[in-house]
Amino acid sequence: MRRDAAFVALLLLGALACYAPGLGAPPAYDDTRGILLNPRLGDPGALLRYFADTSPRFLNGIPLPSYGYRPLTEATLALNRWITGEGIPGCRAGNLLLHAFALVLVFRLVRHLADATTARWAAAFFAFHPLAVQSVTYVYQRSSSLAGALGFLSLLLYLSARATGSRLRWGGAFLAGLMAATAKECGACLFLTLAA
């Protein structure tokens, strides 16, 4: 167990070293309109309203890149901007923390299903795969990281609930899955995966 924790800690440090240089890069793709100029993200008091408001978002007559109903993603971005300021680096740091959380969940999930060596390889692959760069440095892709992390959490709680029969873990698995669906639309597929 201590060796697993030490390995995950090394992976986390490696991921931080790998992604840290990109934190100060210029905004990518929709980050300017979707993050910096988005008036909805400037009001952390409106966090709960994100869940009730399904109307399209516009800035000067141009649709914001909301891509659908993603209230949890918008709420975390608003909270992130409120804590770290309005700049892109603070939001990217939030994405990096989310990636680190997902990395730990991947390790725990695979460790639950397989041996330590397989879990280490899976976590290392997840930590440093080139596709993860987009989820960390392209701020508006937080929806993918958030839905993925919540999906991993839901699966881990589901497997634990099946093994222990804990109602709290069953409820946690359902809640994490529901939250994944409000982070990105594809999170709704998690319930189909668990049913299968």
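The values are calculated or read from the model by the stated rules, or taken from the named source; none is laboratory data. This is a predicted model, so every value here is computed, not measured. In this analysis, Cβ positions are derived from the backbone assuming ideal geometry, glycine residues included, and neighbour counts consider all displayed protein chains. What goes into the accessible areas is simple: the full protein's heavy atoms, side chains included, and nothing from ligands, DNA or RNA. Shrake-Rupley method; radii C 1.70, N 1.55, O 1.52, S 1.80 Å.
Taking every residue in region 41-59 that is on the phi < 0 side of the Ramachandran plot and basic (K, R) and pairing it with any residue that is modelled with pLDDT of 70 or more and open to solvent by 40 Å² or more (accessible area, probe 1.4 Å), at least 6 positions away or on another chain, the pairs with Cβ-Cβ distances below 8 Å are R57/R40.
Checking A163, A123, A127, A149 one by one, the residue that is within 17 Å of the chain's Cα centre (by Cα) and farther than 21 Å from L23 by Cα is A123 and no other. Do we have L105 as closer than 29 Å to N80 by Cα, open to solvent by less than 30 Å² (accessible area, probe 1.4 Å) and modelled with pLDDT of 95 or more here? Against the criterion (closer than 29 Å to N80 by Cα, open to solvent by less than 30 Å² (accessible area, probe 1.4 Å) and modelled with pLDDT of 95 or more), L105 qualifies.
In region 160-178, the residues that are closer than 19 Å to L113 by Cβ and open to solvent by 20 Å² or more (accessible area, probe 1.4 Å) form Cβ pairs under 7 Å with partners that are assigned to a helix (DSSP H, G or I) and of a type in the set (K, R), at six or more places apart or across chains, as follows: S160/R169. Summed over region 82-93, residues that are part of a helix (DSSP H, G or I), open to solvent by 20 Å² or more (accessible area, probe 1.4 Å) and either in contact (Cβ under 8 Å) with a residue 40 or more places away in the chain or of a type in the set (A, V, I, L, M, F, W, C) (or both) total 4. Got at least one residue in region 14-22 being at pLDDT 90 or above and closer than 26 Å to G177 by Cβ? Checked against the condition, which is being at pLDDT 90 or above and closer than 26 Å to G177 by Cβ, region 14-22 yields at least one hit.
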